[in-house]
Every structure is written in structure tokens, then in C-alpha cells.
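Since the structure comes first, as C-alpha cells, the remarks are kept for the end.
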Amino acid sequence: MKLTYSRALVIALVSSASLLPFLPFAARADTTATDDGDTPKEVIVVGQKNTPITVAPRGLSVSLGHDQFEAINAVNVEDLMKYAPNFFVRKRFIGDDNAVVALRGTNTIQSARTLVLVDGYVVSNFLGNRWDYPPKWNVVGPSEVRQFDIVYGPYSARYGGNSMGGVVSITTETPKRNDVYATAQTFVMPFKEYGFDQTFSGYSFEGGADYKSKTNGLSARASFRHFENTGQSMTYNLLTKSTAAGTYIPVTGAYADPRLATPVFGAASPVDVVQDQARLRVGYAWDNGWKADALMMLWRTAQDLNDARSWLTDSAGNTILTTAAGTKVRFNGVNYIAKGVTYSTMDRNESLTGAKLSGSLSGWDVTTNLSHYDIGKWDARTSLDMVGANGQQTVYDHPGWWTFDSTIEQAFGHHDLAFGVTSNQYATDATTYNTTNWRTASGAVFSSRTFGKTAISGLFAEDQIDLEKAVLTLGLRYDDWRAFDGGIAANGVTKAYANRRDNAWSPKISLQGDVGAYNLQLSAGTATRFPTVGELFQGRINAGQTEIDPTSFDPNLKPEVSHDLSLIARRRLDRIVLTGSLFGQSIDDAVFSYQGVLDDGTVVSRYQNIDHMEQYGLELIFEGHDLIIPGLTVEASASWMDAHTTRNRSAPASEGKQFPRIPRWRSNGNLRYAFTPKLKGSVGWRVASRPNSDLFGLVRGDAYGFQTEYAFVDARISYDITKTTQISFGVDNANNDQAYVSHPMPQRTFMLELKYRN
């Protein structure tokens with residue numbers, strides 16, 4: 001095993017940390033608790049401290065609550081995190097259900113590297129590892145959230161390898177009394193680019209009722225949300241130069257953008273989205289301290305993309321509609337092929353059911369939960385072009401997952417012990433048909449099917465040791481992984497993938513204490529993320545062929561293994577709290593969706609292991625309350641990162657290059673001020689430098705198709721009309737920055753909101 005610099009650093013610091021408990025306590029006699037009331041036994045948490053953090057805070061930990069939420073224009077629940085340090089959510093439009101989390105060096109198409117929980121239930125979509133496998137945010141609505149907790153890095157043994165990037169925990173409000181609440185929103189986005197010059201708009205309505213019995217421990221919440229919006233087109237179509245013989249139609253209407261290789265001639269339809277969610281949560285608390293909780297959520301999504309655009313016109317002013325084979329056109333004296341514009345629809349029904357039980361048994365605190373996420377209906381249909389009825393239909397057969405975890409904890413003297421077991425199973429099954437009418441899915445003929453399952457069972461042990469002047473946490477995790485029942489079939493060709501099994505041990509260590517006026521935490525650990533169903537079993541059969549494309553999949557993907565290190569220093573200076581965070585991560589066999597040519601000349605488009613990559617960085621976080629004038633609060637962060645490929649034998653040209661979609665610089669922040677007890681205002685910002693768009697550092701730009709820099713400035717003002725009613729007006733991207741995550745990001749967007757809570 002090659003001993004890289006970062007791995008050597010991890011080993012050295014872990015060894016040093018493990019010796020600290022044995023140093024004489026006199027060497028730390030001058031240490032004191034920080035001025036904000038923290039003691040070494042308490043955790044370092046950036047943000048609100050009104051309620052305890054809900055995840056194990058090893059590494060940089062951020063907790064967001066009511067004060068932060070009140071300063072955010074939040075239409076969807078993931079908006080509530082938008083100003084967290086070194087954090088980005090790839091949300092392309094309001095209602096985008098492909099909103100992937102990117103924090104630190106986990107980029108916007110590595111969705112399987114972040115574990116997301118809602119009230120302890122797993123809502124991470126580990127059916128794949130890509131932009132279209134985001135967490136299931138809509139399990140909860142923005143009005144129900146009590147706090148957001150984010151932990152950066154895999155420093156706790158309680159969480160499996162999918163916490164390689166971090167853990168996001170969403171906690172909803174617990175019913176405390178009989179109550180009703182409602183939120184109505186409308187939002188408007190004027191959008192102008194290429195052939196678009198129109199205003200897109202939408203609205204949402206969310207409401208619910210809480211019940212809390214006065215005679216026993218029964219509580220309940222029933223809530224619903226209806227959402228509609230039209231988002232801008234996600235895809236622009238470019239002309240392709242052609243030397244083929246034939247007649248080329250002289251056209252006008254394309255847009256020659258010097259930032260792009262060829263002119264833009266059309267676009268996919270703006271995205272019409274309708275979502276309905278219904279949730280029921282029931283809890284019961286017994287007098288002996290035991291609590292039971294059950295959750296059921298139903299979610300329906302319908303997306304229609306039926307307004308695709310071609311801006312090409314012939315000499316008579318007729319619109320040129322493109323065909324699947326391509327339409328030959330001449331623009332500005334150059335011959336091109338115009339193709340790729342299609343229509344599509346999607347209907348999906350999803351549900352989450354879960355149950356949780358917690359209490360004390362023989363002195364042990366016990367927590368157990370079981371949940372099932374099921375996509376009961378998923379029907380996606382698309383045309384082949386703009387003129388014909390032929391198309392494809394993809395139908396999914398109940399993809400989803402089961403998750404279980406159980407933890408017991410008890411303190412023995414200076415030791416706080418925790419043991420636990422976790423288990424999950426993810427399954428997918430998708431069948432594609434060729435159809436003679438894409439809208440009705442008539443004339444369906446079987447084309448291909450992909451299917452498979454993965455399962456992980458894990459055990460962990462953790463000991464938090466009180467050393468009087470410091471706290472040392474030791475953890476160890478074992479995971480056993482299986483991939484099975486995987487295969488692909490088409491046109492009489494069926495290939496069953498071999499079942500696989502693997503396991504991993506993941507040690508963790510964290511030391512926290514005070515040194516002078518500083519509260520310090522040093523954490524290190526390893527994590528093993530095993531491949532998902534989608535990475536292993538989503539091979540394809542090329543159109544018109546009967547053989548499986550051997551370059552489209554790799555059922556033998558290795559797990560990616562990270563070695564992580566974090567050092568945090570935190571200090572209060574009167575009304576200001578400063579936090580500095582140094583982190584490093586070394587990853588063996590990193591999994592990446594790779595497109596390119598292997599060293600043997602094979603052209604591939606599939607998930608591929610990269611031998612080794614490293615990232616390290618620095619985060620600075622500023623928190624100031626009642627600054628200069630009473631009521632003024634500033635929370636801001638800046639981060640610098642270097643994430644690069646160090647070894648890639650399949651494509652050596654990528655070595656030494658900045659890893660795709662990871663900016664070197666990122667800054668998020670929020671300034672809020674209470675003009676009066678009823679009138680409050682805020683300004684927020686999200687800024688990042690331009691990342692590479694490809695593995696080789698050759699694709700960089702500031703236009704559609706690239707990963708670009710961004711600089712968004714947001715503003716919000718709210719007024720309490722009565723004790724129960726609040727009205728707010730906000731604008732996101734007030735400076736109207738045009739940025740891209742390959743797809744165009746939202747332009748200036750206005751929001752009006754009315755809230756009521758009894």
C-alpha cells in the first residue's frame with residue numbers, strides 16, 4: 001500500500017491523539033472553559049444552541065434553527081441549509097427533485113457520499129450515485145422543520161460509509177399543544193436567455209394540525225402540501241457541424257454564442273411540476289419514559305415537458321421541427337445537423353412508513369427504528385423527436401429501500417458507552433419499452449430491463465471517555481456488504497451479474513478539550529462506501545443492437561475507502577465567535593461517472609474506479625451577535641479547498657488535475673437585523689469560484705454545459721401582522737447572476753409568503 005502524504009499525516013495525528021489521555025493533567029492545568037459556556041464535555045457546534053444536536057458531533061458540526069430559518073426564502077426544505085459553511089445544494093429550479101448536496105469535496109454528482117435523515121429515518125436515495133439520486137427532501141415540508149444538523153466528514157462510528165462526505169439530520173417539531181398552521185407562497189422568475197424571454201411562476205400551500213392530549217401521552221400531526229411551478233428549460237440544443245451530402249435548408253433563428261462551440265438552436269420544454277404530499281405522524285409517551293413514534297408520508301409528482309422549442313425558421317418563416325435522425329440546415333453559411341429536441345412526461349408516487357421506539361431498559365438508553373421507502377409508481381415517457389409519435393417508456397417496479405437501526409447507550413463512571421446495529425437493503429428494477437405513441441405508451445415493445453439489489457449490515461461500538469480536562473471518543477465500525485440478484489436483459493440477451501460480498505472495518509477517534517481560551521477538537525477516521533445498485537447494475541444495450549454494451553457498466557467496481565482528518569479551533573471574543581477548521585481526506589478507488597478513453601483505447605461511459613485522490617482545505621466561520629448595534633447578527637464563512645486526482649492508471653492525463661465540480665473557494669453567509677420586534681430583514685450570499693467540468697481539467701467555461709462560478713445575493717424582509725400571522729417578501733439572486741451546473745441556474749426570483757400559526 002502506497003503511503004501518501006495525507007495518509008501519513010492521518011496516521012501521525014491519530015497516534016498523537018491517542019497518547020494525549022496519558023499526558024499528566026498538570027500539563028493542561030491552565031485550560032478553562034470557553035466564555036460562551038462550553039465545557040470540554042460539550043460539543044463544538046456552529047450556529048444555534050437552543051436544542052441539542054441530533055447527530056454525533058465529531059468533526060465540524062453545524063446546527064441551524066428558527067433564527068436562521070426566518071432569514072431564508074425557503075420554498076423547499078433543502079433551502080433551509082443554503083447558507084451553511086462550505087455547502088451547496090444543486091437546485092436548478094424551484095421544485096427540482098434532483099437537488100443533490102455538495103459539501104466540501106463531495107461534488108454535485110456524488111449523491112451517495114452524504115447520509116440524510118429525517119427524524120432518524122434514512123431518506124438518502126442510495127439506489128445510485130449521480131445527480132438524479134438526490135435525498136427525498138419532500139418527506140417533510142419547510143414549515144415543519146425544527147432544526148437542521150450537519151456534520152462534515154465520517155468521524156463517528158454510528159454512521160456507515162455513506163457518511164464519507166457528511167451527515168445531514170432534519171428534525172421536525174414535536175406537537176406540544178393543539179395547534180394549526182398554514183403557509184402560502186407565490187414566486188415569480190423573469191427569465192431571459194437565447195430564445196426565452198418570459199416569466200415563470202408558481203405557488204405552494206402547506207398546512208397542518210397538531211394534537212397533544214391533556215390526559216395521556218398521545219400526540220399527532222397531520223399535514224399536507226400542494227406545490228405547482230414552471231421552471232426554466234434545463235437543456236439547450238446545439239447545432240452539430242456536418243459534411244454529409246444532401247440538401248441543407250437555409251435557416252435563421254439560432255444563437256451564435258462565442259462561449260460555445262456551435263450555435264444554440266433550441267431547448268427542452270420548461271419544466272411544469274405539480275407535487276402533492278400528505279404526512280401523518282403519531283406518537284405516544286408513557287410515564288416510564290418510553291416513547292413510540294410512527295410516520296407515514298405519501299408524495300405524488302407529475303412533470304410535463306411538452307413545450308420544447310426550436311428557434312430555427314426557414315425563408316418562409318416556418319418553424320423547423322427536428323427529427324430523430326437530424327434535420328440538415330445551413331446557418332450563417334455553415335452546414336449543420338439539428339437534432340436532440342424531445343418531449344417527455346413523468347408520474348411518480350412515493351411513500352415512507354416508519355416506526356421508532358425509545359426508552360430506558362436496565363439502565364441503558366435504547367433507540368430503535370425501522371422504515372421502508374417505496375416508489376410505488378414511476379412511469380417516464382419521452383419522444384424520439386419533435387415530429388413523430390414514436391418514443392420510449394420506462395416503468396420501474398417498486399424501487400426503494402428498507403432501513404433498520406438500533407442503539408443502546410449507558411454511562412459507567414468516566415465512560416459513556418454506545419453499541420448499535422444497522423441494516424439496509426436497496427432494490428431497483430426498471431424496464432424500458434419502445435412505443436409507437438410516446439404520450440399514451442401504445443404499441444409498447446420490450447426493449448431492455450435492468451435490476452439488482454444491495455444490502456449492508458453494520459455493527460458499531462463507541463466509548464466517550466471523560467478525562468476531566470478533555471473528552472476522548474473511540475469508535476469502531478464493521479460493515480458487511482452484499483450485491484445480488486443483478487442483471488440486464490434485452491432482445492433475448494440476458495446477463496446475470498455474479499453475486500458479490502465484501503466487508504470493512506472503520507476505526508474512528510476524536511479528542512476534544514480546552515487549551516487556554518480555545519476549544520479544540522481533533523478527529524480522524526476511515527470510511528468505506530460500497531457501490532450502489534445503480535453503479536453496479538445499470539448497464540445498457542445500445543439502440544438497434546442485441547448485445548450488451550460492455551463499456552457501459554462495471555459490476556466489479558471496488559468500494560471507495562477514505563482516510564479523514566479534522567482539526568477545529570473555536571473561540572469567543574465578546575459578541576463574536578470564531579471557528580477555524582482544517583480538514584483532509586485521502587480516497588482509494590474513488591468512484592466517478594467517467595467518460596473518456598482508457599489506456600487501451602477503449603471508449604467508455606460508465607462508473608469507474610480512480611486509484612487515488614486527495615483533498616484538503618480550510619474553513620473560517622464568523623458568528624457575531626448584536627454587532628455595532630443591538631439586533632444585528634452576522635453569520636459568515638469562507639473556505640478554500642484543493643481536491644485533485646493523484647493516481648489514475650486508466651487515464652493518467654487526469655493526474656494532478658483539480659477534481660471536477662469542486663470549487664477552490666466558497667463563501668456563504670447571512671446578515672440579519674431586527675428593525676423592530678415585528679419588522680426583520682436579512683441579506684444572504686452564496687459565492688463560489690469556477691471548478692473544472694471534467695476529470696482532465698480541459699473543460700472550463702462560463703456558459704451552458706459547464707460548471708461555472710456563481711455569486712448570488714438574496715434579501716428578505718418580514719413583518720408580524722399579529723402574534724399569529726406573518727407576511728414576508730424576498731428575492732433570491734437579486735443581482736441576477738447567470739450561473740450553470742451544466743444546466744442554467746435560476747435567475748432573479750421574487751417570493752411572497754404568508755404564514756399563520758395559532
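The values are calculated or read from the model by the stated rules, or taken from the named source; none is laboratory data. Bear in mind the structure is a predicted one, so any value in this text is a computation, not a measurement. Every residue, glycine as well, gets a Cβ built from its backbone with ideal geometry; the counts of neighbours run over all protein chains shown.
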Looking for whichever is in a loop (DSSP other than H, G, I, E, B) and surrounded by fewer than 16 Cβ atoms within 10 Å (Cβ to Cβ) here; the options are ARG158, ARG130, ARG177. Which one fits? ARG177
Top-ranked residue in region 197-230 [being farther than 30 Å from ARG281 by Cβ and not charged (D, E, K, R); ranked as nearest to the chain's Cα centre (by Cα)]: THR230
Has region 498-506 got at least one residue that is touching a helix residue (DSSP H, G or I) at 6+ places or on another chain (Cβ under 9 Å), closer than 24 Å to LEU60 by Cα and either modelled with pLDDT of 95 or more or of a type outside the set (Phe, Trp, Tyr) (or both)? yes
So if I check each of ARG146, ARG113, which one is over 14 Å from the mean Cα position of the chain (by Cα) and in contact (Cβ under 8 Å) with a residue 24 or more places away in the chain? ARG146
In region 187-239, what residues are assigned to a strand (DSSP E or B), polar (S, T, N, Q), crowded, with 19+ Cβ neighbours inside 10 Å and in contact with a Pro (Cβ under 6 Å, 6 or more places away or on another chain)? SER219, THR230
Going by the conditions given, is THR342 of a type outside the set (Lys, Arg), within 30 Å of GLY420 (Cα to Cα) and touching a residue at least 24 places away in the same chain (Cβ under 8 Å)? no
Find all pairs meeting these conditions: Cβ atoms under 7 angstrom apart; at least six residues apart or on different chains; first residue within region 81-99 and more than 18 Å from ASP276 (Cα to Cα); second residue among the aliphatic types (A, V, I, L, M) and in a helix (DSSP H, G or I). PHE87/MET81; VAL89/MET81
Restrict the check to region 301-312 and report whether at least one residue is closer than 30 Å to VAL741 by Cα, out of contact with any His (no Cβ under 8 Å at 6 or more places or on another chain) and hydroxyl-bearing (Ser, Thr, Tyr). yes
When the residues of region 301-328 are filtered to those that are of a type in the set (Asp, Glu) and either more than 24 Å from THR247 (Cβ to Cβ) or touching a Ser or Thr at 6+ places or on another chain (Cβ under 8 Å) (or both), which remaining residue is surrounded by the fewest Cβ atoms within 10 Å (Cβ to Cβ)? ASP307
Quick check, is GLU709 buried (at least 19 other Cβ atoms within 10 Å of the Cβ) and at pLDDT 95 or above? no
Given the conditions (1) in a loop (DSSP other than H, G, I, E, B); (2) in contact with a Gly (Cβ under 6 Å, 6 or more places away or on another chain); (3) not aromatic (Phe, Trp, Tyr), every one holds for GLN147 apart from (1)
Members of region 307-332 that are among the small types (Gly, Ala, Ser) and closer than 14 Å to THR252 by Cα: SER310, SER315, ALA316, GLY317
If you go through region 258-284, how many residues are crowded, with 19+ Cβ neighbours inside 10 Å and over 23 Å from PHE224 (Cβ atoms)? 8
Listed residues SER667, SER693; which is under 22 Å from the mean Cα position of the chain (by Cα), at pLDDT below 95 and either of a type outside the set (D, E, K, R) or more than 23 Å from ASP732 (Cα to Cα) (or both)? SER693
Quick check: anything in region 268-289 under 26 Å from SER742 (Cα atoms), assigned to a loop (DSSP other than H, G, I, E, B) and not small (Gly, Ala, Ser)? yes
Please work out if THR51 is modelled with pLDDT under 90, assigned to a loop (DSSP other than H, G, I, E, B), touching a Pro at 6+ places or on another chain (Cβ under 9 Å) and not aliphatic (A, V, I, L, M). no
Output yes when any residue across region 341-349 is under 28 Å from GLY266 (Cα atoms), in contact with a Lys or Arg (Cβ under 7 Å, 6 or more places away or on another chain) and surrounded by fewer than 17 Cβ atoms within 10 Å (Cβ to Cβ), and no when none is. yes
